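K.L.:
This is the structure I have questions about; it appears just below.
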Amino acid sequence: MVLSHGFGTDHRSWRLLLPDLLKHYDIGVYDLAGAGPNSRATFEDGRHTSITAFADDLIAILDEQGISSAKILTHSVSGMVALIAACERPEIFDHISMIAPSPRYLNEGDYHGGFSQNDLDGLFGAMEAGYEDWANGFAPVIVGDEFPLFVREFASGLLAMPTQTALKIARFIFQSDFRDILPKITIPTTIIQPARDPAVPLEVGHYLNAKLANSTLHIIDSYGHLPQLTAPYEVLYCLKESMPE
């Protein structure tokens, strides 16, 4: 099983799930370009211009390691990373599990992604105006005030990225639209959706479940966008239900 993290975190965000997962799977973890201890070395400004570049990286890593069939557990943006990679190389994946994924963050017509364009413009403007202040204010909203340790961890992850790198990644994540690829995915897929997620509303989980032909939706009774940290037992329960031994 490959674990692929979301924006503002790195491979260490999986640590609370690992003791259980290692009982059942050989685990591979990696950091998205721009994240983790080697963030400055891995992000290529001219190449990493969309989520598709992250999908290319994932395929390259699997090919380099000689992995021809794997389950993948993803968080947030990495959900789309895995789906894009699965469109390109469906034979690599036998199951995709996604925590709090979104194919489109922007509201459009009847689709409710959670953000208006004014919301996003304000977010990007706040990042540019004072990145440290923005990160320290954004973290408790996304994680939840009741988890101060994880709030500090998420803020530190954001602040570890150079401002312009973080802004560029945030722009191509929040402005992306991958709704068109969903009907192409036939791989068994698990969606784990927090009931009260400030970044991904519940409607998005139901939308994905409707559009992904071979999907199962689990809604967990938690607040925040990082349940692998704040509600790890609930996440593990959903994974066991979806992928019984």
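K.L.:
What pairs come out if I take residues in segment 14-41 that are of a type in the set (D, E) and pair them with residues that are crowded, with 19+ Cβ neighbours inside 10 Å and assigned to a loop (DSSP other than H, G, I, E, B) whose C-beta lies under 7 Å away, six or more apart or interchain?
P.N.:
D31/D10
K.L.:
Mind checking which residues of segment 7-37 are among the basic types (K, R) and either open to solvent by less than 40 Å² (accessible area, probe 1.4 Å) or over 22 Å from L158 (Cα atoms) (or both)?
P.N.:
So in segment 7-37, the residues among the basic types (K, R) come out as 12, 15, 23.
Residue satisfying the conditions is K23 alone.
K.L.:
Are there any pairs, at least 6 apart or on different chains, whose C-beta atoms fall under 6 Å, with the first in segment 209-236 and open to solvent by 20 Å² or more (accessible area, probe 1.4 Å) and the second aromatic (F, W, Y) and at pLDDT 95 or above, and if so, which?
P.N.:
Final answer for the pair search is T230/F147.
K.L.:
So, in segment 43-69, how many residues would count as being under 16 Å from V29 (Cβ atoms) and open to solvent by less than 10 Å² (accessible area, probe 1.4 Å)?
P.N.:
Within segment 43-69, residues that are under 16 Å from V29 (Cβ atoms) and open to solvent by less than 10 Å² (accessible area, probe 1.4 Å) number 3.
K.L.:
Let me ask something additional. Go through (1) at pLDDT below 95; (2) open to solvent by 60 Å² or more (accessible area, probe 1.4 Å); (3) not charged (D, E, K, R) one by one and return the number of the condition L149 breaks.
P.N.:
(1)
The values are calculated or read from the model by the stated rules, or taken from the named source; none is laboratory data. Since the model is a prediction, treat every value here as computed from it, not as a measurement. In this analysis, Cβ positions are derived from the backbone assuming ideal geometry, glycine residues included, and neighbour counts consider all displayed protein chains. In case anyone asks, the SASA skips ligands and DNA or RNA and just uses the protein heavy atoms, side chains included. Shrake-Rupley method; radii C 1.70, N 1.55, O 1.52, S 1.80 Å.
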